[in-house]
1. For residues that are outside any strand (DSSP E or B) and touching a strand residue (DSSP E or B) at 6+ places or on another chain (Cβ under 8 Å), scanning just the stretch 32-48, find the one that is most open to solvent (accessible area, probe 1.4 Å).
2. Could you tell me which residue of the stretch 7-25 is least open to solvent (accessible area, probe 1.4 Å), considering only residues that are small (Gly, Ala, Ser) and at pLDDT 95 or above?
3. Which one is farthest from the chain's Cα centre (by Cα) among residues in the stretch 49-67 that are part of a loop (DSSP other than H, G, I, E, B) and not β-branched (Val, Ile, Thr)?
4. Going residue by residue through the stretch 38-56, is there one that turns out to be hydrophobic (A, V, I, L, M, F, W, C) and in contact with a helix residue (DSSP H, G or I) (Cβ under 7 Å, 6 or more places away or on another chain)?
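The values are calculated or read from the model by the stated rules, or taken from the named source; none is laboratory data. Since the model is a prediction, treat every value here as computed from it, not as a measurement. For neighbour counting, all protein chains shown are included, and Cβ atoms are generated from backbone atoms with ideal geometry for every residue, glycine included. For the accessible areas, the whole protein counts, side chains as well, though only heavy atoms, and no ligand, DNA or RNA atoms are used. Shrake-Rupley method; radii C 1.70, N 1.55, O 1.52, S 1.80 Å.
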Amino acid sequence: MSQINIAVNGENHPCKAETLLPELLGQLGFNPRLIAIEYNGEILHRQFWPTTKIQAGDRLEIVTIVGGG
């Protein structure tokens, strides 16, 4: 598989083409239960994460949910 570049929270990040989103999140060290994802400008609902394949030029904004008061 070829190497592609994507943007994660505004920074360039290399990854393999066709990487599934859950695999990418693991590589980046995110806990899937504690984040929300904007994928190419749209909120990506959790039900679509397992089938979302990362493509060259994709833009992800990953927000960590923090509890507290």
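1. Our first condition is that a residue be outside any strand (DSSP E or B); within the stretch 32-48, this holds for 32-34, 40-41, 44-48.
Still in the running and touching a strand residue (DSSP E or B) at 6+ places or on another chain (Cβ under 8 Å): 34, 40-41, 44.
Numbers: Leu34: 83, Asn40: 56, Gly41: 46, Leu44: 27 Å².
Within the stretch 32-48, the match that is most open to solvent (accessible area, probe 1.4 Å) is Leu34.
2. First, the residues of the stretch 7-25 that are small (Gly, Ala, Ser): 7, 10, 17.
Then keep just the ones that are at pLDDT 95 or above; that gives 7, 10.
Values: Ala7: 24, Gly10: 66 Å².
Going through the qualifying residues, I end up with Ala7.
3. So in the stretch 49-67, the residues part of a loop (DSSP other than H, G, I, E, B) come out as 52, 54-58, 65-67.
Narrowing the set further to residues that are not β-branched (Val, Ile, Thr) leaves 55-58, 67.
On the way: Gln55: 11, Ala56: 13, Gly57: 12, Asp58: 9, Gly67: 21 Å.
The selected residue is Gly67.
4. Taking the stretch 38-56 first, the residues hydrophobic (A, V, I, L, M, F, W, C) are 43-44, 48-49, 54, 56.
With in contact with a helix residue (DSSP H, G or I) (Cβ under 7 Å, 6 or more places away or on another chain) added as a condition, the list becomes 49, 54.
The answer is yes, given that some residue of the stretch 38-56 is hydrophobic (A, V, I, L, M, F, W, C) and in contact with a helix residue (DSSP H, G or I) (Cβ under 7 Å, 6 or more places away or on another chain).
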